[in-house]
Amino acid sequence: ANSFDDPNFGLILADAFVCGVDWAIGHNFDLMNASLSLDPFTGPIDDIFCSNDPDREAVIKMVRQAVAAAARKKITLVASVANMSLDLANLPGSGPGVQCKVLPVQLPRVIGVSSVGYTKKLSWFSDYGKGAVDLTGPGGDNLIPDPLVTDTDASGQVLSSVPEDSYYFTAAADWNGQVRDCSSTPPGGSCPTYAYLQGSSQAAPHVTG
């Protein structure tokens, strides 16, 4: 849920999510962050699950069961909304007898997190909606620069430490968002790397933390 060049980035398949929840349960975690949305795997830029589609209804049940199992173990699950500027309370396809959801954020026992920028207003990309969003967090907004950050086109986004060989650091070059701090690096050591990023995937970890 971070790259706007690839709108499918941040989408994962449901079985991977269920395996992650099972792993957390098996290792006695008490807190999980889900900076992701589930992919119905039937089309690009498609993360909406509607109950009138048997295949997608089956996925909803599977994921709901995993989240409920975590809740029974008193594991708190924090999840980001997506970055499609959607009103999650009025999703396309919803109607009489048909419920549509973005998963996992719209399931019971999940703390849904939207994104705000520097001015604490909803980020231009963030999903929103009554009943889906419980909290909001700093997710950045490149359309509203931070007046204290004037040395990069990425002003207004969230600065975070990231490995130099990560997707995040590589992608951040596209918006002048790469940062290397060599001010206190010992001789022969590598400079710590950071990247300016934006997305509800940046907001959710703030709440999780």
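The set of residues in segment 113-125 being within 17 Å of ASN33 (Cβ to Cβ) and either free of Cβ contacts under 8 Å to residues at least 60 places away in the same chain or of a type in the set (Gly, Ala, Ser) (or both) consists of SER114, SER115. Counting just the residues of segment 47-81 that are surrounded by 15 or more Cβ atoms within 10 Å (Cβ to Cβ) and assigned to a loop (DSSP other than H, G, I, E, B), which one comes out farthest from the chain's Cα centre (by Cα)? Once the filter is applied, the top-ranked residue is ASP53.
Going through segment 102-115 one residue at a time, which ones are over 15 Å from TYR196 (Cβ atoms) and open to solvent by less than 20 Å² (accessible area, probe 1.4 Å)?
Taking segment 102-115 first, the residues over 15 Å from TYR196 (Cβ atoms) are 102-114.
VAL102, LEU103, PRO104, VAL105, LEU107, VAL110, GLY112, VAL113, SER114 - these are the residues of segment 102-115 that are over 15 Å from TYR196 (Cβ atoms) and open to solvent by less than 20 Å² (accessible area, probe 1.4 Å).
Scanning segment 188-206 for residues that are open to solvent by 40 Å² or more (accessible area, probe 1.4 Å), in contact (Cβ under 8 Å) with a residue 12 or more places away in the chain and over 18 Å from PRO163 (Cβ atoms) turns up just one, HIS206.
For segment 128-174, a residue qualifies if it is in contact with a Lys or Arg (Cβ under 9 Å, 6 or more places away or on another chain) and either charged (D, E, K, R) or open to solvent by 50 Å² or more (accessible area, probe 1.4 Å) (or both), and the qualifying residues are THR136, PRO138, ASP141, ILE144, GLU164. Put simply, of ALA1, ALA34, ALA14 the only residue that is at pLDDT below 90 and crowded, with 20+ Cβ neighbours inside 10 Å is ALA1.
In segment 177-187, the qualifying residues are those that are within 22 Å of ALA154 (Cβ to Cβ) and exposed (fewer than 13 other Cβ atoms within 10 Å of the Cβ), and the one that is nearest to the chain's Cα centre (by Cα) is ASP181.
The values are calculated or read from the model by the stated rules, or taken from the named source; none is laboratory data. Everything quoted here is computed from the prediction, not taken from an experiment. Every residue, glycine among them, receives a Cβ derived from its backbone with ideal geometry; neighbour counts consider all protein chains shown. Accessible surface areas use protein heavy atoms only, side chains included; no ligands, DNA or RNA. Shrake-Rupley method; radii C 1.70, N 1.55, O 1.52, S 1.80 Å.
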